[in-house]
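> Before I ask anything, here is the structure I am working with.
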Amino acid sequence: MGTSTTTAGGDRSGLERSPLSRLPDRALSWGLTSLAILILALIVFFFIRLIGESGSTFSTFGISFVFGNDWDVSRNIFHGAPLVVGTLITSGVALLIGVPVAVATALYLTELCPRRMRAPLSGLVDLLAAVPSVVYGLWGVFFLAPKLLPAEKWFANTFSFIPWIGGGGSSATPTNYFIASLVLAIMILPIVSAISREVLATVPAENKEAALALGATRWEMIRMAVLPYSRSGIVGGAMLGLGRALGETIAIVLLIGDAPVIGHHLFSQGYSLAAVIANEFGEAQGIHRSALFAAGLVLFVLTLLVNIIARAYVARGSRGMRVGASADLAMAAAESRS
Amino acid sequence: MIPSETRSKEPTMSTARGPVPDQEEAAPDLSAMGERRAGHGITVNGLNAYYGAQHAVKNVDIDFPANEVTAIIGPSGSGKSTVVRCINRMHEEIPGARAEGSIKLDELDVYDPGVDLTAVRRMIGMVFQKPNPFPTMSIFDNVAAGLRLTGTKSDNLRERVHRSLRAVGLWGEVKNRLNAPGIGLSGGQQQRLCIARTVAVEPEVILMDEPCSALDPIATLKVEELIDELKARYTIVIVTHNMQQAARVANSTVFMLDGEVVEHAPTNDIFTNPKDERTERYVTGKFG
Amino acid sequence: MSALSLPEVSPRRRRTDRIMRGVMLAATLLALVPLVLVIFYLLKEGLGSINGAFFTQDPSGSFFGNVGGVRSAILGSVEIVLLATVIAVPIGIGVALYLTEYGTDSRFATVVRYFVDVMTGVPSIVFGLFIYISLVLSHVGGNFTAWKGSVALALLMLPIIIRSAEVVLLLVPASLREAALALGAPRWRIIRKVVLPTAAPGLVTGSLLAVARGMGETAPLLFTAAGASGLTFSLSQQMNSLPLQIYNDVLSPRSAIVSQAWAAGLTLVAMVLILNLIARAISRRSRVA
């Protein structure tokens, strides 16, 4: 690439790159752009096909597919309320159990933990995400479910005055909403904790110092300077955990009991959208199969919505807070780790 | 003069309620805090502070007289901020940092093992280099933050918050928007807000670590005016890079170099007739 | 001068502080309990079934006699995930490169990034459904085949790779890129000689983590690769895989098969853990500021 004097013939090849040498660059740019377009097209394509396959279900059952309570394979009736309800219950209870523990863990690891222990302990918590779903299912079925059944019965009997949560002691089964939710809570804990940790790390040290300098105890400092600042981000992280919980299949199908009904209490069996697909797809024909696609569609839309709201929440939090490193990017790092 | 940070967003832009002109600007009014009371001094004896293996403060003895402003000047790395952070025991918050020696507030040694950290920090307040109001809190809540820790309740709380805002001369400017976010104020106002927050819990001593270095000249002057008023009630220690500032506000000045106290004298003497050659070289600008 | 005493710090405040700190520590320990228990039980129940036959025989699938081993499952997993990786990693890094090198300001890139984000939240079974609809139903190249399972897994791994690669690529100091540009180097050469080598450890780490994730997935394979007992190396047939094998065996009435499921689980977790640890080791050894 040396300089050259322009000759009368206008030969400035030294300064100007030949079209040929620019080709790889353009090819690369083109190639990568088309890749990106491909991804977009793929998602749209799948969405449309999924709608197509579920079409006959919605034309046959209409809105009762989602709200009607009668999922009967033998009579070819597919009203999926038990599925939707089961999905929501297990995810909701999983959040209830998992998010507080995850956030408390994140707080410990960022604010209280001795520096030397921080990386190893964080790594261990992250390792929870490495265990495959089917292994959690296996462990849940043979260890956790039988182990906890007596305690669940005791709980239901002791608190029988609480509607739905208590009172089912005598009919509690080893597989039920609760045990599925508990294992689900364990599964979402690492991602909620990882995202919370990233969010907590962005709290400006100067605000923490200000709190301490006013004579706050460590916990008061967390309450005053750390939590309010991180609230949006943590909520976003919890919602991402929710998204994960909604879509979880294998552990649920092994632990929820796969009963196509809305269970009468926390310790009875139920079903979920993902579980029904996994279970019944193999032998499904015709309208049954279409119903399963429809279940998949509902699940897809549900998780999509939750995800979109979650990310909006995190973005809102970080924009308003003048966060240094983009919280979104930090989230990407956290997610890819789990 | 230290180049200042540009003024942060004017509150008019952030509260989104239309322009609110600054109210009448009041001078600081310490009498709002109640009857005069004498302050208490600090005596530092044999202070050694470390960051890990680095010996940052070496055997420092300083007397900070009550109801006076004492400035600490010196080049970067001289240990002046570290000394000040040892006084309210913030130094040990840094991982690996420790300090030994005696720092007495009156007869009380803050390094006494039986002493409660939070109580010490209540008695010895701190204003930081960069104004740091709590971003999620309103102006009112910022000032109330320390009071709420000790369970001060509504009427009493409100009265004390208003009092503190009056005391620092911010009342006129914010009285109609106490619920606006604290970070919506200008840099100088934010810093005075932080001072109000510190003053609200009624400490004996106020430590200031380069409080004006992030402010523009006008805001700086207002803070300095405030410091002049504050010394009537509090003992003030101010770390500063700016020698003219020390000359303007401080009764006496300490010159530190490489972790040691070189000279401590009435401000006038330090600048016009320094005893130590190193002091003379610093104040005449030959280094630092 | 009145004598000075420090203000009283209410014992309630001190107690609250102590309690909350205890709660946070307890939560962390609580979070680790399942990890310990899972590994403990995997070892306790699974170690006994691990022997030579475990690795050299295929599952017999019969109700009586020899249960066989999980050879076809292990090899099938490796094959399916390998193909998925070959598909997902180049495409993923390519899209990430697009986002960081060419698309930092364009609206289109923002849309792509958003869609990729959204993809991370799609349930794994839905990916299986997608591939089922588009490839299996249409009988493209057979019914249930291993390569279709790989495509489903690749879809799952793609957003993970793209996002982690994007993070890593953005960490390459702008000064390096600018220096090369100032020397007149064309974009593609900068990417090949400057960006990719610098980002390589991080890209490998991200890919390994995606692979570990792919290894553990069952749902996407249910109606794509669909599983088999016998060993096959042909990607255009149904193929077994470890997660599928475990899933099939969990509810088996034969306790010997259940024990084998534990052992298979132990093997799977070991493989995933090793991938994770290698990924972390690489990431640690190459800390980019």
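The values are calculated or read from the model by the stated rules, or taken from the named source; none is laboratory data. Computed from a predicted model, the values in this text were never measured in an experiment. We place every Cβ from the backbone using ideal geometry, glycine too, and count neighbours over all the protein chains shown.
> Suppose we keep only residues that are in contact (Cβ under 8 Å) with a residue 60 or more places away in the chain and among the hydroxyl-bearing types (Ser, Thr, Tyr) within the range C:103-134. Which one would you say is nearest to the other protein chains (Cβ to nearest Cβ)? Before the answer, list the steps.
As a first pass, look at the range C:103-134 and keep what is in contact (Cβ under 8 Å) with a residue 60 or more places away in the chain: C:123-125, C:127-129, C:131-132.
Among the residues that remain, those that are also among the hydroxyl-bearing types (Ser, Thr, Tyr) are: C:124, C:132.
Working: C:SER124: 7, C:TYR132: 8 Å.
Filtering first and then ranking leaves C:SER124.
> Right, something else. Conditions: (1) free of Cβ contacts under 8 Å to residues at least 60 places away in the same chain; (2) in a loop (DSSP other than H, G, I, E, B). A:PRO146 meets all but one. Number of the miss?
(2) is the only condition that A:PRO146 fails.
> Every residue in the range C:141-185 that is within 24 Å of C:LEU242 (Cβ to Cβ) and charged (D, E, K, R), please.
C:LYS148
> Any residue at all in the range C:233-244 that is at pLDDT below 90 and touching a Leu at 6+ places or on another chain (Cβ under 7 Å)?
yes
> Give the residues of the range B:178-213 that are in contact with a Pro (Cβ under 7 Å, 6 or more places away or on another chain), within 13 Å of chain A (Cβ to nearest Cβ) and not polar (S, T, N, Q), sorted by residue number.
Selection gives B:GLY182, B:ILE183, B:GLY184, B:LEU193, B:CYS194.
> Can you tell me which of C:SER259, C:SER164, C:SER252 is in a helix (DSSP H, G or I) and closer than 21 Å to C:ALA53 by Cβ?
Just one listed residue meets the conditions, C:SER259.
> Right, something else. Output the residues belonging to the range B:245-273 that are surrounded by fewer than 17 Cβ atoms within 10 Å (Cβ to Cβ), in a strand (DSSP E or B) and either on the phi > 0 side of the Ramachandran plot or acidic (Asp, Glu) (or both).
Passing the criteria: only B:GLU260.
> Please indicate, with yes or no, whether at least one residue in the range A:88-110 is more than 9 Å from every other protein chain (Cβ to nearest Cβ), hydroxyl-bearing (Ser, Thr, Tyr) and closer than 17 Å to A:LEU254 by Cα.
Yes - at least one qualifying residue is present in the range A:88-110.
> So, in the range C:182-191, how many residues would count as being assigned to a helix (DSSP H, G or I) and either among the β-branched types (Val, Ile, Thr) or at pLDDT below 80 (or both)? Full working, then the answer.
The first filter runs over the range C:182-191 and keeps only residues assigned to a helix (DSSP H, G or I), leaving C:182, C:187-191.
Add one more test, that the residue is either among the β-branched types (Val, Ile, Thr) or at pLDDT below 80 (or both), and what stays is C:187-191.
Selection size over the range C:182-191: 5.
> Still on this structure, please answer the following. List the helices (runs of 4 or more DSSP H) inside the range A:207-311, counting only whole elements, that have at least 2 residues being surrounded by 24 or more Cβ atoms within 10 Å (Cβ to Cβ).
Output list reads A:227-247, A:250-255, A:273-280.
> Something else now. I'm trying to understand the selection: among the residues of the range C:44-73, which are part of a loop (DSSP other than H, G, I, E, B), over 26 Å from the mean Cα position of the chain (by Cα) and touching a residue at least 24 places away in the same chain (Cβ under 8 Å)?
Within the range C:44-73, C:SER60, C:GLY61, C:PHE63, C:VAL67 meet the criteria.
Condition check ((1) modelled with pLDDT of 95 or more; (2) within 30 Å of C:GLN260 (Cβ to Cβ); (3) in contact with a Pro (Cβ under 9 Å, 6 or more places away or on another chain)) across all residues:
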{"position": "A:PRO100", "(1), (2), (3)": "yes, no, no"}
{"position": "A:THR105", "(1), (2), (3)": "yes, no, no"}
{"position": "A:TYR108", "(1), (2), (3)": "yes, no, no"}
{"position": "A:ARG115", "(1), (2), (3)": "no, no, yes"}
{"position": "A:ILE162", "(1), (2), (3)": "no, no, no"}
{"position": "A:GLY166", "(1), (2), (3)": "no, no, no"}
{"position": "A:SER171", "(1), (2), (3)": "no, no, no"}
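> Then there's this: Answer with yes or no whether C:ALA199 is in contact with a strand residue (DSSP E or B) (Cβ under 6 Å, 6 or more places away or on another chain), modelled with pLDDT under 90, more than 13 Å from every other protein chain (Cβ to nearest Cβ) and buried (at least 24 other Cβ atoms within 10 Å of the Cβ).
Spelling it out, it is not the case that C:ALA199 is in contact with a strand residue (DSSP E or B) (Cβ under 6 Å, 6 or more places away or on another chain), modelled with pLDDT under 90, more than 13 Å from every other protein chain (Cβ to nearest Cβ) and buried (at least 24 other Cβ atoms within 10 Å of the Cβ).
> Which members of the range B:122-174 meet the condition of being over 24 Å from B:ALA232 (Cβ atoms), free of Cβ contacts under 8 Å to residues at least 60 places away in the same chain and not in a helix (DSSP H, G or I)?
B:PHE134, B:PRO135, B:THR136, B:MET137, B:SER138, B:THR150, B:GLY151, B:LYS153
> When you look at C:ARG192, is it of a type in the set (D, E, K, R), facing another protein chain (nearest Cβ under 10 Å), out of contact with any strand residue (DSSP E or B) (no Cβ under 7 Å at 6 or more places or on another chain) and within 17 Å of A:ILE43 (Cβ to Cβ), yes or no?
no
> Which condition from (1) in contact with an Asp or Glu (Cβ under 8 Å, 6 or more places away or on another chain); (2) exposed (fewer than 15 other Cβ atoms within 10 Å of the Cβ) is the one that A:GLY52 breaks?
(1)
> Here's another thing I want to ask about it. Among the residues of the range C:236-289, count how many are over 23 Å from the mean Cα position of the chain (by Cα) and at the interface with chain A (Cβ under 9 Å from one of its Cβ atoms).
So the answer is 2.
> Scan the range C:84-129 for residues that are farther than 20 Å from C:PRO201 by Cβ, modelled with pLDDT of 80 or more, surrounded by fewer than 24 Cβ atoms within 10 Å (Cβ to Cβ) and not hydrophobic (A, V, I, L, M, F, W, C) and jot them down.
Of everything in the range C:84-129, those that are farther than 20 Å from C:PRO201 by Cβ, modelled with pLDDT of 80 or more, surrounded by fewer than 24 Cβ atoms within 10 Å (Cβ to Cβ) and not hydrophobic (A, V, I, L, M, F, W, C) turn out to be C:ARG107, C:THR110, C:ARG113, C:TYR114, C:ASP117, C:THR120.
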